[in-house]
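Structure, as structure tokens:
The values are calculated or read from the model by the stated rules, or taken from the named source; none is laboratory data. Because the structure is predicted, anything quoted here is derived from the model rather than measured. Counting neighbours? That spans all protein chains shown, and the Cβs are built from the backbone with ideal geometry, glycine included. These accessible areas exclude ligands, DNA and RNA; they are computed on the full protein's heavy atoms, side chains included. Shrake-Rupley method; radii C 1.70, N 1.55, O 1.52, S 1.80 Å.
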Amino acid sequence: VYIFACQVYCGLKRYSGDEYVTHPLNTALILAQMNAEKNTVYAGMFCDALEKTRVTKEELKENLPLEAAVLVQTLNNYELENQVSSENEEAALIKIAERLHNMRTVRYMDETVAKKKVKETLEFFLPAARKLGNNKLVEELNDLVLRFGL
């Protein structure tokens with residue numbers, strides 16, 4: 001799964017200049033640290049794949065466990081602010097883990113983009129983390145919002 005993720009994101013860069021794959025890998029690491037299920041961690045490795053790469057849904061199904069591939073497809077159409085529930089807790093968890101990594105690296109973003117990320121984090125991601133009952137996520141997101149404030 002790791003090798004496939006590296007292939008999928010090959011050539012893309014982050015604002016920092018790092019290889020793009022570092023973002024989904026960090027998302028997966030955050031999920032693993034939260035003891036998420038294996039397929040949730042795998043899906044975290046592909047959190048931006050359908051949006052930012054040329055990988056197809058079929059390729060995901062061929063290279064990932066089916067549950068992980070379906071979860072990646074769910075992420076592509078998922079809007080956190082409207083949908084946090086026990087039915088899609090895994091998708092919400094991935095989105096929040098992804099945002100946590102974005103907030104950890106917000107200093108590399110253009111100021112306008114960074115301010116937008118901070119505002120979205122405050123309005124959508126913090127309440128979603130609270131709704132999921134993950135105090136560790138809430139605390140770190142809150143600290144990052146305060147540090148990079150509006």
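Provide the per residue accessible area, probe 1.4 Å, for the range 1-141, rounded to a whole number of square angstrom. Spell out each step's value before the answer.
Values: 7560 Å² over 141 residues.
Heavy-atom accessible area per residue stands at 54 Å².
With a Cα-only, solvent-free Debye model of the range 95-148, what are the log10 I(q)/I(0) values at q = 0.15, 0.17, 0.22, 0.30 Å⁻¹?
Those come out to -0.34, -0.43, -0.71, -1.27, one per q.
Please work out how much length the chain gains when fully extended from ASN77 to TYR2, using 0.36 nm per residue of separation minus the C-alpha to C-alpha distance, in nm with one decimal.
Details: separation 75, 0.36 × 75 = 27.00 nm, distance 2.34 nm.
Length difference between fully extended and current span is 24.7 nm.
For the chain, what's the relative contact order in percent, using C-alpha pairs closer than 8 Å and at least 6 residues apart?
Working: 165 pairs, mean separation 31.6, N = 150.
RCO, the chain: 21 percent.
Let me have the relative contact order for the range 17-57, percent, based on Cα pairs under 8 Å that are six or more residues apart.
Values: 24 pairs, mean separation 14.9, N = 41.
Across the range 17-57, relative contact order equals 36 percent.
Could you tell me, in Å, what Rg and Dmax come out for the Cα atoms of the range 1-113?
13.4, 39
Under the 0.36 nm per residue contour assumption, what length would be gained going from the current alpha-carbon distance of LEU12 and ASP143 to full extension?
On the way: separation 131, 0.36 × 131 = 47.16 nm, distance 2.90 nm.
Here the segment from LEU12 to ASP143 would lengthen by 44.3 nm.
Give a residue-ordered list of calculated ³J(HN,Hα) values for the range 132-142 (Karplus: 6.51 cos²θ - 1.76 cosθ + 1.60, θ = phi - 60°; whole Hz; x for Gly, Pro).
3J(HN,Hα) across the range 132-142, in whole Hz: 6, x, 9, 5, 4, 5, 4, 4, 5, 4, 4.
How much accessible surface area, in Å² rounded to 10, belongs to the heavy atoms of ARG99 with a 1.4 Å probe?
10
If you find the alpha carbon centre of the range 126-141 and of the range 17-43, how far apart are they in angstrom?
So the two Cα centres are separated by 18 Å.
Of the accessible area of the range 9-137, with the probe set at 1.4 angstrom, what percent is carbon plus sulfur? Please list the in-between numbers first.
Details: 3070 of 6850 Å².
The C+S portion of the solvent-accessible surface of the range 9-137 is 45 percent.
Which of the peptides 122-131, 107-116, 139-148 is most tightly packed, and how do the rest follow, going by the mean number of other Cβ atoms within 10 Å of each residue?
Descending packing order for the listed peptides: 122-131, 139-148, 107-116.
Where does the chain land at 222 nm, in deg cm²/dmol rounded to the nearest 500, when only DSSP H runs of n ≥ 4 count, each adding -39500 (n - 2.57), divided by all residues?
Details: 11 runs with 99 residues, N = 150.
So the calculated ellipticity at 222 nm is -18500 deg cm²/dmol.
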